[in-house]
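Visitor: Questions regarding the structure given below will be posed in turn.
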Amino acid sequence: MAPRSIGRRHASALETLSITVEEPFVPLFEQALMCACETVGIFEADDAQKYWRVEGVKDTGFKEDELENALAVARMLTGCEAELERIPTESEGWLARTYESFPQQNVGKRFAIRGTHLHGAPDQSRLTITLDAGIAFGSGEHGSTRGCLRALEMVAYRKPQRILDMGCGSGILAMAAAKLLHRPVLAVDIEPWSVRTAKLNARLNGQGNLLDCRFGNGWQTEAVRAKAPYDLVFANILARPLCRMAQSLALNLAPNGTAILAGLLYSQARMVLAAHQRQGLVLERILREGDWATLILRRRG
């Protein structure tokens, strides 16, 4: 499962949307549902992993025009005419069930992801990142997030100075890097709600002075260009956008710099790796978390 959140916390009447598509079409339909849904998840629909179910929860009637337009674009680009299914969802107790689905997540050797709804003192032996489960459901349990945090632990000994989280979402990776490395991190996202959420989470975790959260369009963002080149770049996005951004990443990565790429299914790893190898980056390691892969790449000195 790959849940994501768009930052709306309270719901009245809810509905669950689902659409089943072939694996290559998952990213576009995921993006379509994310324009309106509270949370979006990706689930295996068959044992062969050929078909996947993209599922989201939204307020009934919320952003219907935007949703229909986004689905129309996804269908046009993929040629897939899969039908969207809608099921009314009981709103009473929804947030409580979300809390139950978000226990503390221990990741790797150093990190713990903890919801604000949990009581008791955090484990002092781990670096704790606190998130509001109501607006960041699932961040610690997503295989891509877990893979990135494990990868961060593996490369921390290099002590990167200039760090970028490209497509920061809730800011979890930027906060983890700031806590572990005690260095400022530039966190950028193309969605304004993600930037707002990342700022809130940074303050919640006492990292407001280390995280510079900016709204921008990827590598075209002025702040991103101004602070390049980077010693460490996180890009937990999607497989095809990662491929399109490979050249820009290579140009903005410092000699001996490290890139941690995620948001891709394990079956997509070869495609993403090939795009970056063509730009001169070399593979150090592939981490696997269930169906999800994380690539650790390096630019030669």
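Visitor: Any chance segment 133-154 includes a residue that's closer than 16 Å to D231 by Cα, modelled with pLDDT of 95 or more, open to solvent by 20 Å² or more (accessible area, probe 1.4 Å) and not hydroxyl-bearing (S, T, Y)?
Guide: Yes: segment 133-154 contains one or more residues that are closer than 16 Å to D231 by Cα, modelled with pLDDT of 95 or more, open to solvent by 20 Å² or more (accessible area, probe 1.4 Å) and not hydroxyl-bearing (S, T, Y).
Visitor: I'd like to verify a number: residues in segment 58-80 that are small (G, A, S), open to solvent by 40 Å² or more (accessible area, probe 1.4 Å) and in a helix (DSSP H, G or I), how many? Lay out the reasoning, then the answer.
Guide: If we filter segment 58-80 for residues that are small (G, A, S), which is where we start, we get 61, 70, 72, 74, 79.
Still in the running and open to solvent by 40 Å² or more (accessible area, probe 1.4 Å): 61, 72, 79.
From what's left, in a helix (DSSP H, G or I): 72.
Here the count works out to 1.
Visitor: From the residues in segment 175-190 that are more than 11 Å from I163 (Cβ to Cβ) and either touching a residue at least 40 places away in the same chain (Cβ under 8 Å) or of a type in the set (F, W, Y) (or both), which one is most open to solvent (accessible area, probe 1.4 Å)?
Guide: K179
Visitor: Of the residues that sit in segment 81-123 and are among the polar types (S, T, N, Q) and in a loop (DSSP other than H, G, I, E, B), which one is modelled with the highest pLDDT? If you could, list the steps in order and put the result at the bottom.
Guide: Kept after step one, since they are among the polar types (S, T, N, Q), are these residues of segment 81-123: 89, 91, 98, 101, 104-106, 116.
Adding the requirement that they be in a loop (DSSP other than H, G, I, E, B) leaves 91, 101, 104, 116.
Numbers: S91: 62, S101: 55, Q104: 73, T116: 70.
Among those residues, the one meeting the criterion is Q104.
Visitor: Search segment 56-81 for residues that are under 14 Å from P27 (Cα atoms) and pair each with any residue that is assigned to a loop (DSSP other than H, G, I, E, B) and at pLDDT 90 or above when their beta-carbon atoms are under 8 Å apart and the residues are at least 6 apart or on different chains.
Guide: L71/L84; A74/C80; R75/E81; R75/A82
Visitor: In segment 153-180, what count of residues is obtained for those that are assigned to a helix (DSSP H, G or I) and charged (D, E, K, R)? Quick ask: steps written out before the conclusion?
Guide: First, the residues of segment 153-180 that are assigned to a helix (DSSP H, G or I): 153-158, 172-180.
Among the residues that remain, those that are also charged (D, E, K, R) are: 153, 158, 179.
The total comes to 3.
Visitor: Filter segment 8-50 for residues that are open to solvent by 60 Å² or more (accessible area, probe 1.4 Å) and at pLDDT 85 or above and give the result.
Guide: Scanning segment 8-50 gives T20, E22, L28.
The values are calculated or read from the model by the stated rules, or taken from the named source; none is laboratory data. A quick note: this is a predicted structure, and the numbers were derived from the prediction, not measured. When we count neighbours, we look across all protein chains shown, and the Cβ atoms used for this are built from the backbone with ideal geometry, even at glycine. Side chains included, ligands, DNA and RNA excluded: accessible areas come from the protein's heavy atoms. Shrake-Rupley method; radii C 1.70, N 1.55, O 1.52, S 1.80 Å.
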